[in-house]
Structures are given as structure tokens and as C-alpha cells.
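Report on one structure; see the data block that follows.
The values are calculated or read from the model by the stated rules, or taken from the named source; none is laboratory data. Note that this is a predicted model, so its numbers are computed, not measured. When we count neighbours, we look across all protein chains shown, and the Cβ atoms used for this are built from the backbone with ideal geometry, even at glycine. What goes into the accessible areas is simple: the full protein's heavy atoms, side chains included, and nothing from ligands, DNA or RNA. Shrake-Rupley method; radii C 1.70, N 1.55, O 1.52, S 1.80 Å.
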Amino acid sequence: MINFQYTRANDVSDAIRQIAADSNAKFIAGGTNLLDLMKIDVEQPSHLIDISHLPLTRVEEVAGGGVRIGALVPNSDLAWHPLIAKRYPMLSSAILAGASAQLRNMASTGGNLMQRTRCFYFYDTVTPCNKREPGSGCSAIRGVNRINAILGTSESCIATHPSDMCVALAVLDANVHVMGPSGERTIAMTDFHRLPGNTPQRDTNLNADEIITAIELPAEGFNKNYTYLKIRDRLSYAFALVSIAAGMEMDGKTIRQARFALGGVAHKPWRDQSAEALLNGQQATPETFMRAANHLLRDARGYDHNTFKIELARRTIVRGLTQAANGTPQSQSNKKIA
Ligand SMILES: Cc1cc2nc3c(=O)[nH]c(=O)nc-3n(C[C@H](O)[C@H](O)[C@H](O)COP(=O)(O)OP(=O)(O)OC[C@H]3O[C@@H](n4cnc5c(N)ncnc54)[C@H](O)[C@@H]3O)c2cc1C
Ligand code: SF4
């Protein structure tokens, strides 16, 4: 039994004051990731600061037509919120593709961004893992790496970020609002998660003494031409092997603007604007989508058990973009572009 202190934060300032006072403290929101990790000694905080009662639970419109989501809005409430379901259905679909109904009821928006990798060795405290224990080595590079990354890897770590929601947030150009001892700042969602480099123990650019207060979505929601397609070993309650969030503005069969990002392939949602540029102004055809897929995957690298993900990602991109262009977001649609 590892002892730890438990306190509740009274307000956001109190939460920041408490976390800044103890470098080994952690916030707890829904607890769906942190408590699992504490039970197996992967996380060993000396102090849990309960933020679940803070008033960060609103989903509201902001000036300019965007929407601000409080960091403690439960995943279920967010997915079913009328503003999100109507204007950002890609985000609703991504959230509902994750975990289970019970977990989504507990899991918070901020916690979803901060959830840790599902790399098998990260959970196995008797094996080396640079993310869990910096400098100990990476067991996955020559181990069982079927679920690991194919893009943006390093010699230190080939883990993926497991979130579905974050992939849609990257496509929507969301901004993360955070607060710390020196005030408030905003981090673009695409810059929030880091590549592993030689510091895989740091998943994000959030400082240890900062709290996520909100996510802000710009007005553009791609509510006509969008998809979230998640390919996994089982159809529910499984993390993505590869997923795609895609949003487009169409002019007939011509793509006016396209954005897409992949999940399950890297240490962060993988968005490549040079691949998106190959779609803009083009006809929505399988050939156009294949060109963008090949470009995005140009530096993909497979390891012993996950090379299949490169071809899987290529096919997922073509299928996801086809669904988005057709305005048929559900995976079961096989409607062909005329
Ligand atoms: C069996 C299972 C299956 C799952 N499947 C999926 C899936 O398919 N797709 C998917 O996307 N997710 C999945 N999840 C993950 C789930 O979405 C996350 O566990 C959840 O979103 C975490 O939110 P939480 O509020 O419970 O976080 P907590 O467990 O409370 O905290 C997680 C981390 O976030 C930090 N944190 C929390 N809130 C803040 C904040 N406001 N500011 C700064 N730091 C904060 C905590 O300190 C902690 O380090 C699954 C989880 C489980 C257990
Ligand atoms: S891939 Fe990353 S998380 Fe997995 S064993 Fe290697 S260092 Fe640890």
C-alpha cells in the first residue's frame, strides 16, 4: 500500500496553488485512467487533488460563433450536447467510438486529453519502459509492438496516444485553455501532445503546475461532410489500431477545403497539412484520396508486429475521406462517388 494525501480543490486558483506546492501531486477528475494506473503502481502520486467539483462543466457559445467546453464536462454529456451533436457531429462520433457508456459517463474532457498510452510495457512494471522510468529502455521496439506507432517514433519510445476525442479536436483546430501560477495561456490542440523524442515521459506541453480549464472550438464544424472511422480488433470497447477524423467543405464533387487526422498511429493525433493541401480544389475521387494517403504515410515505419498498420492506415484514409465527401459519415455506407 502506497500512502497518498487526498484533498479537494475549492476553486481553480486553489487547485493551482495545491499542485504548484507538490511536484509529485496529481489532479484527479473522473479517475478512469489515473486510478487504474495507481492500482498497478505505474502512477504513484504523493497527493491527489480532487478537481471533480470545480465549476468547469458548461458547454457554451462564445463570440465569433465558436463553442467553449469546460474541462470537467463528462464525455457522454459532451457527445450528446445539442450544440455539439448539431454543429460538430464529428466530435460526437469520435467520443462515442471510445470506451463504454459507463466510462464515458465518468471520464472528463480534460482527463481524456491527459490519458496515458496503452503500450503493454508501460503497464508492466517489471519491464523497461522509458516513459514510465526514463533511461530504462524501450521494451516495445523489439517486443510485442502490434498496437504501437508507425509515425513520429524515436529510438526512446514508439507509443501511441489512445484518445479518439483528441483526433477530432485536432481536425477542428480546437484550442486548449490552461491556467498556472503565472496566469492563463492557450495551446493549439495540434501542439498539445508531443512526439516522444528523447523525453517520452512527457506526453504533453502542459506544465506540471498547470490545469486544463476548457477547450474552445472555432465556428467551423464540418457538420455536412465529416466522418470518424475507427478500425479496431473488436467493434466496441477497444482502442483504435487506426482511426481517421475527416471534415470537408464540398462544392459539388470538388473539395473546397479538407482536413483530416489519424489516431492510433503516433504519440499524438497525426495531422499533416501538406497532405490536406493535396485535396483542396481537387475532385473527390479514390485517386485523389490515395495520393493524400501516400503523402501522409511517406515516412511511416513499421516494427516487427505492426507493419500491417501502414497499409491499414492507407485504406482507412481512402475510406474515411470517401465517406466524408459523400456526406455518409457512418462506416457501413459503401455509396460510391459517381
Ligand atoms: C477500459 C477502458 C477503455 C477505454 N477506451 C477508450 C477509447 O476507446 N477511446 C478513448 O479515447 N479513451 C478510452 N478510454 C480512456 C478514457 O477516455 C479516459 O480514461 C478518460 O477520458 C480519462 O478521463 P478522467 O476524467 O477519468 O481522467 P482521470 O483518470 O481523472 O485523470 C487522467 C489524467 O488526467 C489528469 N487530469 C484530469 N483532468 C485534468 C485537468 N483538468 N487538467 C490537468 N490534468 C488533468 C490527471 O491528473 C491524470 O493524470 C478507456 C478507458 C478505459 C478504462
Ligand atoms: S513504446 Fe514507450 S511506453 Fe512503450 S515500452 Fe517503449 S518507452 Fe515504454
Q.
Just to be sure I understand the filter: pairs with C-beta atoms under 7 Å, separated by 6 or more residues or on different chains, first member in segment 229-240 and open to solvent by less than 80 Å² (accessible area, probe 1.4 Å), second member within 16 Å of ligand 2 (Cβ to nearest atom). Which pairs pass?
A. I231/L241; R232/F239; R232/L241; A240/G264
Q. Which strands (runs of 3 or more DSSP E) sit wholly inside segment 41-100 and have at least 1 residues that are touching a helix residue (DSSP H, G or I) at 6+ places or on another chain (Cβ under 7 Å) and open to solvent by 20 Å² or more (accessible area, probe 1.4 Å)?
A. 59-61
Q. Mind checking whether some residue in segment 150-167 is open to solvent by 50 Å² or more (accessible area, probe 1.4 Å), within 16 Å of ligand 2 (Cβ to nearest atom) and not assigned by TED's automatic domain parsing to the domain that holds M248?
A. yes
Q | Residues satisfying the stated conditions in segment 234-264, i.e. in contact with a strand residue (DSSP E or B) (Cβ under 6 Å, 6 or more places away or on another chain) and of a type in the set (A, V, I, L, M) | A | A240, L241, V242, I244, A245, A246, M248, M250, I255, A258, A261, L262
Q: Inspect segment 121-135 for any residue being more than 22 Å from V42 (Cβ to Cβ), of a type in the set (V, I, T) and free of Cβ contacts under 8 Å to residues at least 40 places away in the same chain and give the result as yes or no.
A: no
Q. Going by the conditions given, is N105 closer than 16 Å to N175 by Cα and open to solvent by 20 Å² or more (accessible area, probe 1.4 Å)?
A. no
**Q.** Residue among A63, A71 that is more than 24 Å from the chain's Cα centre (by Cα) and either away from ligand 2 (no atom under 16 Å from the Cβ) or closer than 30 Å to G221 by Cα (or both)
**A.** A63
(Q) Just to be sure I understand the filter: pairs with C-beta atoms under 9 Å, separated by 6 or more residues or on different chains, first member in segment 305-328 and crowded, with 16+ Cβ neighbours inside 10 Å, second member modelled with pLDDT under 95 and of a type in the set (A, V, I, L, M). Which pairs pass? (A) T322/I337; A325/I337; N326/I337
Q.
Restricting to segment 192-216, name every residue that is without any contact (Cβ under 8 Å) to a residue 60 or more places away in the chain and at negative phi.
A. N198, R202, N205, N207
Q: Residue by residue through segment 4-31, note down the ones that are in contact (Cβ under 8 Å) with a residue 24 or more places away in the chain, in a loop (DSSP other than H, G, I, E, B) and open to solvent by 60 Å² or more (accessible area, probe 1.4 Å).
A: F4, D11, S23
Q: Kindly indicate whether L217 is buried (at least 21 other Cβ atoms within 10 Å of the Cβ) and modelled with pLDDT of 95 or more.
A: yes
Q.
Just checking: which of the helices (runs of 4 or more DSSP H) contained wholly in segment 236-338 hold 2 or more residues that are under 23 Å from D203 (Cβ atoms)?
A. 308-326
Q) Based on what the data block shows, is T213 among the β-branched types (V, I, T) and over 26 Å from G135 (Cα atoms)? A) yes
Q: Would you point out the residue of segment 156-184, among those that are out of contact with any strand residue (DSSP E or B) (no Cβ under 6 Å at 6 or more places or on another chain) and free of Cβ contacts under 8 Å to residues at least 40 places away in the same chain, that is nearest to Q115 (Cα to Cα)?
A: E184
Q: Go through (1) more than 9 Å from ligand 2 (Cβ to nearest atom); (2) open to solvent by less than 40 Å² (accessible area, probe 1.4 Å); (3) among the charged types (D, E, K, R) and name the single condition R142 misses.
A: (2)
